[in-house]
1. For ILE294, what charge total do you get from the other residues with a beta carbon under 9 Å from its beta carbon, if Lys and Arg give +1 and Asp and Glu give -1?
2. Quick one: which residues, 5 or more positions from LYS235 or on another chain, have an amide H under 5 Å from its amide H? H modelled 1.01 Å from N in the peptide plane, none for Pro or chain starts.
3. Just tell me which lysines come within less than 29 Å, Cα to Cα, of LYS199; anything on the same chain fewer than 8 places away is out.
4. I'd like to compare 517-529, 428-440: which one has the highest average count of other Cβ atoms within 10 Å, and what's the full order after that?
5. What's the percent breakdown of Cα-Cα distances in the stretch 406-543 across 10 Å bins, shortest bin first?
6. Starting from the Cα gyration tensor of the stretch 50-124, take the square roots of the eigenvalues, sort them a ≥ b ≥ c, and report rounded, prolate or oblate (rounded when a/c is under 1.5, otherwise prolate if a/b is larger than b/c, else oblate).
7. If you add up the charges near PRO510, with Lys and Arg at +1 and Asp and Glu at -1, over every other residue whose beta carbon is less than 13 angstrom from its beta carbon, what do you get?
8. For the chain, what is the percent of antiparallel DSSP beta bridges, rounded to the nearest 5?
Amino acid sequence: MASTEMRDAVIVGGGHNGLVCAWYLARAGLKVTVCEARPVVGGAAVTEEFHPGFRNSVASYTVSLLNPQVIADMRLHSHGLRIIERPIANFLPIDETRFLKLGGGLARTQAEFAKFSHRDSEALPGYYAMLDEIGDILRNLAQQTPPNLGDGLPGLLRGVRQIGKLASLSLRRKCELLDLFSESARSFLNGWFESEPVKAAFGFDAVVGNYASPDSPGSAYVLLHHTFGEVNGKKGAWGHAIGGMGAITQAMARACTAYGVELLTNAPVRRVLVDRGRATGVEFADGRRIAAAIVASNLNPSLLFQSLIAPADLPAEFRMRIARYRNGSGTFRMNVALSELPDFTCLPGRVVAEHHQCGIIIAPSLDYMDDAYREARTFGWSQRPIVEMLIPSTLDDSLAPPGQHVASLFCQQFAPHLPDGRSWDDTRETVADRIIDTVNDWAPNFRASVLGRMILSPLDLDRKFGLTGGDIMHGHLSLDQLWAARPVLGHGSHRAPIKGLYMCGAGTHPGGGVSGNPGRNAAREILRDRRLLTAIGLALRGR
């Protein structure tokens, strides 16, 4: 039998939340090992060369949700991280002559909105104030551990404290918060704005990583989820990490190794070892083992509990509920190498301009987004998909040769599993062509400028990064899979139904996005349990 190594804690999965969790545990003095199946840590937040001379953020592609406290605690800037803000947030081509720009300050965005509706321009300050006030409460909540319904009085008190923070909201804000959790994005935005381009500008966030229509109940919450972030102290801003998203996780890796964390790559975990109801370590695909009293998983809960743990080691009711956990974000990712910048019909120009340096959203109306979802449900993908294009080389010349560029194409809606038993392996090239053609419809030089491309269908995202069903959020962000119910009720506090086994990934509160919050929150609970056990041991010895 292969020899067994001994560590205090082992983290399964070296994505950003796994690295964050490992760092906080190591700072507390624990000997920690991170196990990553791929050749590099970082999970979906990595930068890779995909065409000779061209590098890009492969899956995760933009910065906003990363918790400033995580950045400060881990001293990521001293480990090489540099984040710059986009000059404006988004650019939406509307038709052959019209476009809308979002960002660059309130007055400027109001002027853009006034091109379509003076009423919407006047409504914008109130809308932003509402998002700020509610967002501040939920940002704080995102950094707290949800209560477990079975935790008795401590869990009850924790829930009361967290829900009590909502008491500071006015009745109007409480009503708006309820609307955000329960309504569709269209219904919610209809209450604020009248112009279709304006509603599209905000409604896009409701379908990012959400295999749903903007008419789906609950889609308004996904819109809110994407407003939690900040860049360099500016709330709601979006930015770019110089060197791509891998620069974030490589800085995290350096912070971890500085505290003695062992980072193992090319080390796929075959199973979590369980003995008499307690996690005792992990076993790798090659048979090697690491023994540890603490095992934390950064994996999608479905992958963890259905592939790495024997069914007999889990309660039957828990297995049943995990089997119902819903995955599938409807996402298709492409990275393309470009000989020149896209020249948009509505805003011509091949020289770098601010609209090339922001999020370029090809989805001019909520109806367009709804049609894309309905087509995907019927046929597997849409002939007119939703596309957000970022061209990070306009802000970061380290990613492409001089005069050339890289672009990220983040695309919705695409069925996690194709109908009629078809495989994404057989259709990925056809769909990629359709995506290129969609961008070309708005920028007619685009197709001819593509020098190379990297395609990541939902199946590719699953195989390459362990994103179950291609789900970039590690599980649907619906009311039944949020807060104390993420991943399931009774286990929202990062603790699995096996002693010593914890969950530190985006399948726990507060959900997806490169935030670090799940990893930080999980580490806090692990250390709390460890202190409690130590105190009990000391008390028993004191007898």
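1. Result for the neighbourhood of ILE294: 0.
2. It is none; the list stays empty.
3. LYS101, LYS115, LYS174, LYS234, LYS235
4. Those peptides, ordered most packed to least, come out 517-529, 428-440.
5. Using 10 Å bins, I get a P(r) of 10, 27, 24, 19, 11, 5, 3, 1, 0 for the stretch 406-543.
6. oblate
7. Taking every Cβ under 13 Å from that of PRO510, the sum is +3.
8. 70
The values are calculated or read from the model by the stated rules, or taken from the named source; none is laboratory data. In this text the structure is predicted, and so the values were computed from the model without any measurement. Positions of Cβ are backbone-derived with ideal geometry, glycine not excepted, and every protein chain shown enters the neighbour counts. Keep in mind that these areas ignore ligands, DNA and RNA; they rest on the heavy atoms of the full protein, side chains included. Shrake-Rupley method; radii C 1.70, N 1.55, O 1.52, S 1.80 Å.
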